[in-house]
1. Counting other beta carbons within 10 Å of each Cβ, put Asp152, Asp172, Asp81 in order, fewest first.
2. Determine, for each peptide in 108-120, 87-99, 203-215, the mean count of other beta carbons within 10 angstrom over its residues, then list the peptides with the highest first.
3. At Ser85 and Glu130, where each label point lies 7 Å from the Cα along Cα→Cβ, what is the point-to-point distance in nanometres?
4. Label the range 130-219 by shape, choosing from rounded, prolate and oblate, from the square roots a ≥ b ≥ c of the eigenvalues of the Cα gyration tensor; if a/c is under 1.5 it is rounded, and otherwise prolate applies when a/b is larger than b/c, oblate when it is not.
5. State, to one decimal in nm, how far the label point of Ser52 lies from the label point of His113, with both points 7 Å from Cα in the Cβ direction.
6. Just to be sure I understand the model, the point goes 7 Å from the Cα along the line to the Cβ. What's the resulting Lys105 to His92 distance in nm?
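Each value in this text was obtained by applying a stated rule to the coordinates, not by laboratory testing. None of the values given here were measured: they were computed from a predicted structure. Here Cβ is always computed from backbone atoms with ideal geometry, including for glycine, and neighbour counts include all displayed protein chains.
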Amino acid sequence: MVIHRCYWERIFFLSFHQIIMSKKSRTQKLFQIVSFIFQLVVKRMQKIVLESIPEGNIVDIGGGGEGIIAQIGGERVTSIDKRQSEIDEAKHKAPEATWVLADAKDLDYSNDHFDNATSFFSIMYMSNEEKIEVFKEVYRVLKPHGEFWVWDASISKEKGVFFIKIKAVIPDKKVVRTGYGVSSKKQTINVVTKLLVEEGFKVEIIENKKNWYFLKAKK
């Protein structure tokens, strides 16, 4: 089954909102908008095949919107998102999952609560300071030896707008086409790995592509 609807209106709104609300000059904002549109038109679709997700009960960070992890894991997934609109968009795609409106920097769960954790193109929206707080919380709520699986964007530039188009193939062969845009901030796999290690994780890099990566971090 192929889902043809790509939520470009949401992507446009979120990306343009970030640009317009920034403190940059009018010229800088115009440059970012042009850069975003150029990437939207020119960049190739990145195919990501999700052959599996972690076993057991999972906390999914920033899991609203397309709800990729929740679509795969169903009732095993507790999906955290701080935007109610993102949760509302995703809930009908995976009604069996548990949807929680919350900030991942402050999870209302006891220590060692979840078997594993995931994040699918969510940390690209966080500053490094926010990543540190989120990684600390994920580490806390994971059981000993629990794993944190991360799929995210490799962003090498610090100016303009970064945009990535995704074709995600999930285990039942369903294809979800979507995209993620954000004001550029340097986010390489090495930076993310360093932050995870500093919070106590042991990191194994599984796949490092030109525009995205997949890694596993173990508590």
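1. Asp172, Asp152, Asp81
2. 108-120, 87-99, 203-215
3. In this crude label model, Ser85 to Glu130 measures out at 1.5 nm.
4. Numbers: a/c = 2.07, a/b = 1.25, b/c = 1.66.
In terms of gyration-tensor shape, oblate.
5. Spacing of the two 7 Å Cα→Cβ label points: 2.7 nm.
6. Roughly 3.3 nm, to one decimal.
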